[in-house]
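The values are calculated or read from the model by the stated rules, or taken from the named source; none is laboratory data. This one's a predicted model, so the numbers in the text were calculated from it and none came from an experiment. Reconstructed Cβ throughout: ideal geometry from the backbone, glycine too, with neighbour counts over all protein chains shown.
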Amino acid sequence: MKITTENFRPRKLNNCPSILVALMYRSWHSDPNERPTLFFIKRVLRLILNVLPIEKQKCSKEIINDNKKQWINECNLSQKHLLNGPRLDNKDSVNIYQDCLRKAKHITDVQKDMSEMEQTLEAFQKEKDIKKDHYDQLLIENEKLSQQIEMLREKILHKKDFSK
């Protein structure tokens with residue numbers, strides 16, 4: 001209730017990137033026309049994930065296995081297409097592995113976006129086909145009505161000729 005009646009907003013988060021804070025506050029704008037679209041929010045969040053410095057996670061066998069399970073379940077990848085885990089004793093290997101994970105995540109995000117666009121396109125195509133079928137049906141009905149009108153005209157003309 002406070003959000004609508006008193007314009008209540010959570011206080012500023014500590015240790016939060018300023019771009020994220022700005023996005024958050026803009027999303028809470030009282031005027032809905034000033035709020036960013038979901039598409040814009042998604043782009044900014046992707047920018048934050050891809051551009052801002054990322055603190056390197058520590059790699060462990062558990063994390064690597066969790067990553068593999070996630071890729072198998074979310075992306076339907078077979079075992080042979082999964083990234084090999086890094087050599088845990090080699091920092092460069094761990095960094096390369098994490099970079100590959102980020103790039104693979106980016107690729108799957110793009111694939112999901114493309115899939116959503118394809119579904120939207122299919123929905124538009126179905127709607128277009130339905131409208132075309134309806135239009136074709138109206139043309140057929142229009143032709144039938146034109147034929148009926150012409151028949152009635154002929155009857156009227158025939159009656160006039162007959163009455164003379």
Any chance the stretch 92-115 includes a residue that's surrounded by fewer than 10 Cβ atoms within 10 Å (Cβ to Cβ) and either in contact with a Leu (Cβ under 9 Å, 6 or more places away or on another chain) or among the acidic types (Asp, Glu) (or both)?
yes
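Scanning for something in contact with a Pro (Cβ under 6 Å, 6 or more places away or on another chain) and assigned to a helix (DSSP H, G or I), does the stretch 94-108 turn up at least one residue?
yes
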Residue in the stretch 88-106 that is free of Cβ contacts under 8 Å to residues at least 12 places away in the same chain, under 32 Å from the mean Cα position of the chain (by Cα) and over 30 Å from Ile64 (Cβ atoms) present
no
Considering only residues that are part of a loop (DSSP other than H, G, I, E, B), exposed (fewer than 10 other Cβ atoms within 10 Å of the Cβ) and modelled with pLDDT of 70 or more, which ones fall in the stretch 12-38?
Ser30, Asp31, Thr37
